[in-house]
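Worksheet: the structure to be examined is printed underneath.
The values are calculated or read from the model by the stated rules, or taken from the named source; none is laboratory data. Treat the numbers as computed from the prediction; the structure is a model and nothing was measured. Here the Cβ is made from the backbone with ideal geometry for all residues, glycine too, and neighbour counts use every protein chain on show. Just so you know, the surface numbers come from the protein's heavy atoms only, side chains and all, with ligands and any DNA or RNA stripped out. Shrake-Rupley method; radii C 1.70, N 1.55, O 1.52, S 1.80 Å.
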Amino acid sequence: MHARHLRARLKGWGGVGAMAAACALAVVFALAVTCTGSVASQAGAQPAGHRTAKALTVDAARAADDCEAPEKQTLPPSRADGPAITAIKNRPGEKRKLVVGVDQNSFRWGYRDPNGGESGRLEGFDIDLVHRIAEDILGDPDAVQFKAIPTDQRIPAIQDGRVDLVVRTMTINCSRLKDVAFSAPYFKTGQQVLAPKSSPIEGYDETLAHRKVCTAKGSTAYAKLEEDRRSGDLPASTDISTTVPNQLDCLVRLQLGEVDAVVNDGALAASQAAQDPTVELKGEAFTTEYYGVAMKKDADDLVRRVNQILVDFRQDTATGWQASYTKWLSATLDDDPSASRPPAPEYLRRS
């Protein structure tokens, strides 16, 4: 690439390079301080109503196998404790924390502000929700052990017991419901194309022919590209071979001219465009997706409790969903009316 072209690509990069470097250092730090082994066993006495909960779990498993509306395949809210919550509450001393898998380089969702001082405190919409969950379960919004995990490690981290839950812009879909349980949705978005403003790419269409597209490993974006190229809905010449551990890495590849476009959730892509004024969203969203909190499949009481917390979070006009949206996301997403309000939840009911 010519030097002049590279400088043009990097114009407006601003704090993104610094942020990426800070995130890399933060990953090392986070791994050093959070590698404390598996989450405690969730064994314990079964609560009252366990047989009903088990029946609903069976219903959830069947729904995952025959899934048309994955965002509705979750358990009704409840404030009751059960084995999973009791195990969290019974952790001794300094280990009495909620262990949560998060991102730390998704601008305005979960990130460490490089200009935020020495504390390196995580901030963003997802992080606000994590603090709300910790406050409800443990009585302390800061009783959290954050674990930075890449996109393709979200499900393994839950299954291996490294985290209690994942709050990381994670789309609820039918495939994932076979491996983990989800809360009700807390945000609505859809896949979109991000490309330089000067690019002839117009959206998710034939203008992606002979173009190189970047996605995150394990993301719904890559699965969609692969499916559509196979079915002919995406030009066969579109190169989708570039995958990266984290979505911010795609923005770096785009800035360096290594790819022509990024496909990502529109909510995340809008935040990336806010980091760099030389790129923009191209075309409309071409999917409808919902973010949910992911947990172990058998952690029924935790799923129910998180759903109750989400009910309270939506209804709290002072410090809840709307306040967090206004603080972190309104500047980039107010053009999308569906993004500016929380999705209405629906729950599994016994047939």
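Strictly over 21 Å apart at the Cα level, which of K72/K327; K72/K188; K178/K296 would you flag in this model? Checking Cα-Cα distances, K72/K327 exceed 21 Å. Per Stokes-Einstein, at 37 °C and 0.692 mPa s, what whole-number D in µm² s⁻¹ belongs to the stretch 149-204, with the Kirkwood radius over Cα pairs as the hydrodynamic radius? Answer from the Stokes-Einstein relation: 239 µm²/s. Per-residue extension of 0.36 nm, minus the Cα-Cα distance of K178 and D233, leaves a gain of 17.1 nm for this segment. Of the solvent-accessible surface of the stretch 256-298, computed with a 1.4 Å probe over protein heavy atoms with every protein chain present, carbon and sulfur atoms account for 45 percent.
What you get for the stretch 201-351, charging only the Cβ of Lys and Arg (+1) and of Asp and Glu (-1), is a dipole of about 660 debye around the Cα centre. Excluding ligands, DNA and RNA, the accessible surface per residue across the stretch 71-200 is 36 Å² with a 1.4 Å probe. Structural size metrics of the stretch 74-130, computed from C-alpha coordinates, are Rg and Dmax of 15.1, 41 Å. Taking amide hydrogens as placed 1.01 Å from N in the peptide plane, the amide H of A148 sits under 5 Å from those of V102, each at least 5 positions away in sequence or on another chain.
In whole percents, the pair-distance distribution calculated for the stretch 153-284 from its alpha-carbon pairs, binned every 10 Å from zero, is 12, 43, 32, 13, 1. Compared with the alpha-carbon gap, the fully stretched path from A274 to V311 is longer by 10.3 nm at 0.36 nm per residue. One equal scatterer on each Cα of the stretch 271-351, no solvent, Debye formula: the resulting log10 I(q)/I(0) at q = 0.22, 0.25, 0.26 Å⁻¹ is -1.18, -1.31, -1.35.
Under 25 °C and 0.890 mPa s, how fast does the stretch 87-208 diffuse according to Stokes-Einstein, given a Kirkwood radius computed over C-alpha pairs? Answer in µm²/s, whole number.
Answer from the Stokes-Einstein relation: 149 µm²/s.
Here the stretch 93-223 is treated with +1 on each Lys and Arg Cβ and -1 on each Asp and Glu Cβ, and its dipole about the Cα centre works out to around 340 debye. With the simple model of a label 7 Å out from the Cα in the direction of the Cβ, S338 to T86 spans 4.2 nm.
Pairwise Cα distances in the stretch 312-351 exceed 14 Å for 53 percent of all pairs.
In the stretch 131-221, a dipole from Cβ-located charges (positive for Lys and Arg, negative for Asp and Glu) runs towards its positive end, and of A134, T207, G190 it is T207 whose Cα lies farthest in that direction. In this structure the stretch 219-276 gives 34 Å² per residue of accessible area when probed at 1.4 Å with all protein chains present.
Carbon and sulfur atoms: what percent of the 1.4 Å accessible area of the stretch 86-169 do they account for?
Result for the stretch 86-169: 41 percent of the exposed heavy-atom area is carbon or sulfur.
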